[in-house]
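First comes the structure, then the notes that go with it.
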Amino acid sequence: MCGIVGYIGNKKASPILINGLLRLEYRGYDSAGIATMENDKIKLMKNKGRVNNLYKLDGIDSLVGTIGIAHTRWATHGKPSKENSHPHVDNSNSFAVVHNGIIENYHELKNFLVEKGYKFVSATDTEVIPNLIHYYFMQDKIDDNKKILRAVKNTCSDLKGSYAIEILSVYNKDKMIVVRKDSPLVIGKGNGENYISSDIPAILSYTKDFYLLDDNEIVELSRNDVKFYNQDLKEIQKAIKSIEWNALSAEKDGYEDFMLKEIYEQPRAIRETIGAKLDNGTIEIEDLDFSKDYLKDINKIYIVACGTAMHAGLASKYTFEKICKIPIEVDIASEFRYRDPLIDEKTLCIYISQSGETADTIAALKLAKTKGAKTLAISNVIGSSITREADYSIYTHAGPEIAVASTKAYTSQVVLLNILAMYFAEKLERVEKDIIKNLKSDILNLPSKIEETLKDTNQIYEFAKKVYKEKDMFFLGRGTDYAVSLEGSLKLKEISYIHSEAYASGELKHGPIALIENGVTVIATMTNKKLLEKSISNVQEVVTRGAKVLAVTSEDIKNDGISEIIKIPKTNPLISPILSVIPMQLFSYYISKEKGLDVDKPRNLAKSVTVE
Ligand code: F6R
């Protein structure tokens, strides 16, 4: 999805901006552009395609300005093209703007501006912004140092939708203005220079000190100063937050792709997510202080998220039900937010978001708050928007996840959700202490079991080579094996572009078995000893119809027509998805490589889905 970078300082801005854009490439985009202040004039350079295409443009080296804004665009309004790429300028070339988000009422605003004589050259919603700022600037007869701020404020009051905006203006050539609403933006504080970005990793090599903007804050940046204003242009103070991630953790580190690196980072991600939470007699989670009385009264827990994060919720539902004895409903954020869910003050709503910026998940959280429920966010990004909205926030410590396809975030989320369930269960005392004690020790053993699972991947690679040209595949499982199958199937679709479906094995006979014919590939996960016999019968049903089966199991099963058996270490079935997902991640990865696809940046997808 779109990315923003900005710089104001004493160095040449263009290399810093382009470097920042390159670091944002993982978000997915179709065009890129920059604008710098050159001899008191705005100089614009943009191009369709990769940042490399921008870099190749004649004249890019001659940009010497020390203030600039930059953008990678992921088309929403208007096709990917040079005209539609950002930055956009107003008719007089006095204001240049880059924008993330969607302006929902842009038709109305465009009509208004056209009536006033403004002309438009792009099909974007963004182009109304510089023109509207220009309009308000020209209307304002007071000539003081807040004139541009007022024009920005008035413009923002007209905008409906979501936005993170950077503004460069010839009327204030040593300053830059930024503003956000429902779209992420951070300011990196340097010495005599300041950086702006939609994502921390883009500017992490320059600073570790960040200001995290809240909705409707307007910021005026100069080389040595950062001034924050609220919607009424009253100056406000904000604290700096230091980010622990280092720039190296956002590099490939010798791996061919970020996805592969992140798959191999899972043991560390899990160790760091567990941290010291299980070190003492009872579980302690920083910043959580739920009382037994409150937990006893909970009538339902909703776990709400999108995509892989939602699958992490599905994989963890079993633990909450088993050890907390509370009804759990896992829901897709984009559905939850529009279906008037049954929530009251006795409902706990848990929101999972790796990025912490997913528009639907944030909206679903805001909805629960209006209905009086307590909200708890699980994110990988400290200070992300969702964590600032929620009543409580806890973190996975997976480090930056750059590949679009989520891997280490998923396993870290499942671990953290299981720890959260145990934290509740210890207070609720509804199950025997030993159940929790055993689960704790199983969780502590996970990192070394993941290492074991990652040791020999050749079998998976060989199977992937056999089937990579296929058009359809099926994933089967029961219980948590079904939950992880949904994630395996999503991974395959995302990065290999092979259509796949995940089914609860018991559902086969109710329809999908009609699709099983000679040569079809089926990935069957069987880690739960209690369900093994039934799962094996289901596998036999597809084997007899000619399917090629890749079985992922921790049990000793007979070959019986199965093409490949991937043995993973035994663990508690409640947390088995953390191990069984790994062969599936690798399977999708190898297929994608075999097909020669861009593993880290699959088509049409974005890392952080900040629009609806
Ligand atoms: C799939 C994937 C997506 C995300 C989803 C939610 O590999 O990465 O399905 O899980 O877009 O993103 P977050 O967790 O950032 O809210």
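The values are calculated or read from the model by the stated rules, or taken from the named source; none is laboratory data. Predicted, not measured: the structure shown is a model, and the values here were computed from it. Cβ atoms come from the backbone with ideal geometry, glycine included; neighbour counts cover every protein chain shown. With ligands, DNA and RNA removed, areas are computed over all heavy atoms of the protein, side chains included. Shrake-Rupley method; radii C 1.70, N 1.55, O 1.52, S 1.80 Å.
Between Tyr338 and Asp214, the C-beta separation translates, for a Förster distance of 22 Å, into a calculated FRET efficiency of about 0.30. What FRET efficiency do you get for Asn458 and Lys558 if R0 is 30 Å and r is their Cβ-Cβ distance, rounded to the nearest 0.05? Efficiency for this residue pair is about 0.85. The residues of region 260-444 expose on average 35 square angstrom of accessible surface per residue, using a 1.4 Å probe on protein heavy atoms. The alpha carbon centroids of region 491-560 and region 586-600 are separated by 21 Å.
Note on the chain: Rg/Rh from Cα positions, Kirkwood definition for Rh, rounded to two decimals, is 1.00.
The charge dipole of the chain, taken about its Cα centre with unit charges on the Cβ atoms of Lys, Arg (+1), Asp and Glu (-1) only, comes to about 480 debye.
Placing unit charges on each Cβ (+1 for Lys and Arg, -1 for Asp and Glu) gives the chain a dipole about its Cα centre, and among His71, Leu446, Asn154 the Cα reaching farthest toward its positive end belongs to His71. For Lys147, go through the aspartates and glutamates and keep the ones whose alpha-carbon is under 19 Å away, minus same-chain ones fewer than eight residues off. Result set, ordered by chain and number: Asp40, Asp90, Asp158, Glu166, Asp174, Glu217, Glu220, Asp225, Asp232, Glu235. Candidates Ile435, Tyr264, Ile394 compared by Cα position along the dipole of region 260-444: farthest toward the positive end lies Ile435, with charges placed on Cβ. Residue-wise HN-Hα couplings along region 169-177, as the Karplus relation 6.51 cos²θ - 1.76 cosθ + 1.60 with θ = phi - 60° gives them from phi, are 9, 5, 7, 8, 6, 9, 9, 9, 10 Hz; Gly and Pro carry x.
Here's the picture: charge each Lys and Arg Cβ at +1 and each Asp and Glu Cβ at -1 in region 454-594, and of Tyr468, Tyr497, Phe587 the one pushed furthest to the positive end of that dipole is Phe587. For Asn53 and Lys322, the difference between the fully extended length at 0.36 nm per residue and the C-alpha to C-alpha distance is 91.4 nm.
Helix 433-444 and the longest principal axis of the C-alpha atoms of the chain enclose an angle of approximately 60°. What you get for region 322-417, charging only the Cβ of Lys and Arg (+1) and of Asp and Glu (-1), is a dipole of about 240 debye around the Cα centre.
Close amide-amide hydrogen proximity is noted between Lys300 and Leu348, each under 5 Å apart and 5 or more residues distant or on a separate chain (H modeled in the peptide plane; Pro and chain starts excluded). Phi angles across region 102-112 convert, under the Karplus curve 6.51 cos²θ - 1.76 cosθ + 1.60 with θ = phi - 60°, into 3J(HN,Hα) values of 9, 8, 6, 9, 5, 4, 4, 5, 5, 4, 4 Hz, Gly and Pro given as x. Here the spin labels are modelled as points 7 Å beyond Cα on the Cα-Cβ line, and at Asp472 and Lys595 they lie 1.6 nm apart.
Under the criterion of Cα pairs below 8 Å and six or more residues apart, the relative contact order for the chain equals 12 percent. Counting protein heavy atoms only, region 2-249 has 46 percent of its accessible area on carbon and sulfur, 1.4 angstrom probe.
State the percentage of accessible surface on region 439-520 attributable to carbon and sulfur atoms; use a 1.4 Å probe and exclude ligands, DNA and RNA. Roughly 48 percent of what the probe reaches on region 439-520 is carbon or sulfur.
Here the 3J(HN,Hα) profile of region 61-67, calculated from phi with Karplus coefficients 6.51, -1.76 and 1.60 at θ = phi - 60°, is 5, 7, 6, 10, x, 9, 10 Hz, Gly and Pro shown as x.
Restricting region 472-540 to GluC sites (Glu not before Pro) that sit in a DSSP loop and have at most 14 other Cβ atoms within 10 Å of their own Cβ leaves Glu517. Annotation for region 345-433: GluC sites (Glu not before Pro) lying in DSSP loop with at most 12 further Cβ atoms inside 10 Å of their Cβ are Glu345, Glu429, Glu432. Here the calculated FRET efficiency for Lys79 and Asn445, from their Cβ-Cβ distance with R0 = 51 Å, stands at 0.50, rounded to the nearest 0.05.
Taking each DSSP H run with n ≥ 4 as -39500 (n - 2.57) and averaging over every residue of the chain yields -10000 deg cm²/dmol at 222 nm. Each Lys and Arg adds +1 at its Cβ and each Asp and Glu adds -1 at its Cβ; summed about the Cα centre, region 490-543 shows a dipole of about 240 debye. Listed peptides 39-52, 466-479, 403-416 appear in the order 403-416, 466-479, 39-52 once ranked by packing, highest mean of other Cβ atoms within 10 Å at the front.
Roughly how many whole Å is it from the C-alpha centroid of region 166-225 to that of region 363-421? The distance from the Cα centre of region 166-225 to that of region 363-421 comes to 25 Å.
Across region 260-444, C-alpha contacts under 8 Å between residues 6 or more apart give a mean separation that, scaled by the residue count, equals a relative contact order of 29 percent. For the pair Asp174 and Ile236 in one chain, pulling the backbone fully straight at 0.36 nm per residue adds 20.2 nm over the alpha carbon distance. Against the chain, whose longest principal axis comes from its Cα atoms, helix 446-455 is set at around 90 degrees.
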